[in-house]
Amino acid sequence: VYAANLAFVYAQSGEVEQAVTLLSRLLTTPGAERITLAHLRLGWEWDPLRQDPRFKALIEGPEPVTVYN
């Protein structure tokens, strides 16, 4: 939950690179319940990231596989 909140803060403060990197990791992390592709595609929180090519690729791609280590 803290990492998801940090990604939100990064997105809202213009730290696009950090936000996209963290979101990419959270999509494959078990237990990151509020970070899903559907939420990233539809949530207003991620509007500042919509023009970033990495974010576009992230939300247009298939659901990532969760990594259990």
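The values are calculated or read from the model by the stated rules, or taken from the named source; none is laboratory data. This is a predicted model, so every value here is computed, not measured. Surface areas here come from the heavy atoms of the whole protein model, side chains and all, with no ligands, DNA or RNA. Shrake-Rupley method; radii C 1.70, N 1.55, O 1.52, S 1.80 Å.
Using the structure shown, decide if Ile59 is open to solvent by less than 60 Å² (accessible area, probe 1.4 Å) and in a helix (DSSP H, G or I). Spell out how you get there, then give the answer.
On the way: open to solvent by less than 60 Å² (accessible area, probe 1.4 Å): yes; in a helix (DSSP H, G or I): yes.
Considered against the rule, which asks whether it is open to solvent by less than 60 Å² (accessible area, probe 1.4 Å) and in a helix (DSSP H, G or I), Ile59 comes out as yes.
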- Just give me the residues in the stretch 3-35 being open to solvent by 50 Å² or more (accessible area, probe 1.4 Å) and within 19 Å of Val67 (Cα to Cα), in sequence order. Thr21, Arg25, Thr29, Pro30, Gly31, Glu33, Arg34
